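A.B. asks: Dumping the structure here so I can ask a few things about it.
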Amino acid sequence: QVQLVESGGGSVQAGGSLRLSCASAGFGRTFDMYSMGWFRQAPGKEREFVAAISWRASITYYGDSVKGRFTISRDNAKNTVYLQMNSLKPEDTAVYYCAASNGYVSGLDDPRRFGSWGQGTQVSVSS
């Protein structure tokens with residue numbers, strides 16, 4: 001069982017920034033062989049892909065709504081993935097979930113590729 005714990009959420013005004021962290025433990029395979037992703041979900045809405053980073057070459061992918069504003073990165077030595085969120089908008093308000101994908105390097109916008117999920121951290125952006 002892979003354990004993922006998100007942190008860094010909070011309330012900010014539009015145009016502000018937050019950095020989310022996802023600390024991990026309990027990997028059977030080493031952390032560097034897991035692709036990592038961030039998804040978000042607002043009440044009553046479908047879970048939405050935000051960003052992902054592959055394990056093989058640390059290639060990054062972003063949802064259209066966050067391109068140019070969000071940056072995903074990973075620190076394999078710390079078993080941690082980050083999501084830097086800049087120029088936040090009210091429509092970014094959601095619970096943000098960290099996820100780990102065992103072995104996948106493609107199709108990382110699909111939540112079905114991810115087998116382990118954190119509990120989520122709330123991000124609220126006010127206008």
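The values are calculated or read from the model by the stated rules, or taken from the named source; none is laboratory data. Computed from a predicted structure; not experimentally measured. Note: ideal-geometry Cβ built from the backbone for every residue, glycine included; neighbour counts use all protein chains shown. All accessible areas refer to the heavy atoms of the entire protein, side chains included, with ligands and DNA or RNA removed. Shrake-Rupley method; radii C 1.70, N 1.55, O 1.52, S 1.80 Å.
A.B. asks: Which residue is nearest to Val123 (Cα to Cα), if the candidates are limited to the range 24-50 and must be open to solvent by 40 Å² or more (accessible area, probe 1.4 Å) and either among the hydroxyl-bearing types (Ser, Thr, Tyr) or touching a Gly at 6+ places or on another chain (Cβ under 9 Å) (or both)?
C.D. replies: So, considering only residues that are open to solvent by 40 Å² or more (accessible area, probe 1.4 Å) and either among the hydroxyl-bearing types (Ser, Thr, Tyr) or touching a Gly at 6+ places or on another chain (Cβ under 9 Å) (or both), the one nearest to Val123 (Cα to Cα) is Gln41.
A.B. asks: Looking only at the range 71-116, count every residue that is among the aliphatic types (A, V, I, L, M) and either at pLDDT below 95 or over 19 Å from Gly15 (Cα atoms) (or both) and tell me the total.
C.D. replies: 6
A.B. asks: How many of the residues making up the range 57-75 are open to solvent by less than 50 Å² (accessible area, probe 1.4 Å) and among the small types (Gly, Ala, Ser)?
C.D. replies: Counting residues in the range 57-75 that are open to solvent by less than 50 Å² (accessible area, probe 1.4 Å) and among the small types (Gly, Ala, Ser) gives 2.
A.B. asks: Suppose we filter the range 81-116 for residues that are surrounded by 17 or more Cβ atoms within 10 Å (Cβ to Cβ) and in a strand (DSSP E or B); how many remain?
C.D. replies: 13
A.B. asks: Same structure again: Consider Gly37 carefully, then state whether it is modelled with pLDDT of 95 or more and at positive phi.
C.D. replies: Criteria not met by Gly37.
A.B. asks: Also, I was wondering about something else. Can you say whether Ser54 is more than 11 Å from the chain's Cα centre (by Cα) and either touching a residue at least 24 places away in the same chain (Cβ under 8 Å) or open to solvent by less than 70 Å² (accessible area, probe 1.4 Å) (or both), as far as the supplied structure shows?
C.D. replies: So Ser54 fits the description; yes.
A.B. asks: Taking the range 3-18, which residues are among the aliphatic types (A, V, I, L, M), open to solvent by less than 50 Å² (accessible area, probe 1.4 Å) and either closer than 11 Å to Cys98 by Cβ or at pLDDT below 95 (or both)?
C.D. replies: The one that is among the aliphatic types (A, V, I, L, M), open to solvent by less than 50 Å² (accessible area, probe 1.4 Å) and either closer than 11 Å to Cys98 by Cβ or at pLDDT below 95 (or both): Leu4.
A.B. asks: Do you know which residues across the range 117-127 are hydroxyl-bearing (Ser, Thr, Tyr) and open to solvent by 70 Å² or more (accessible area, probe 1.4 Å)?
C.D. replies: Ser127 - this is the single residue of the range 117-127 that is hydroxyl-bearing (Ser, Thr, Tyr) and open to solvent by 70 Å² or more (accessible area, probe 1.4 Å).
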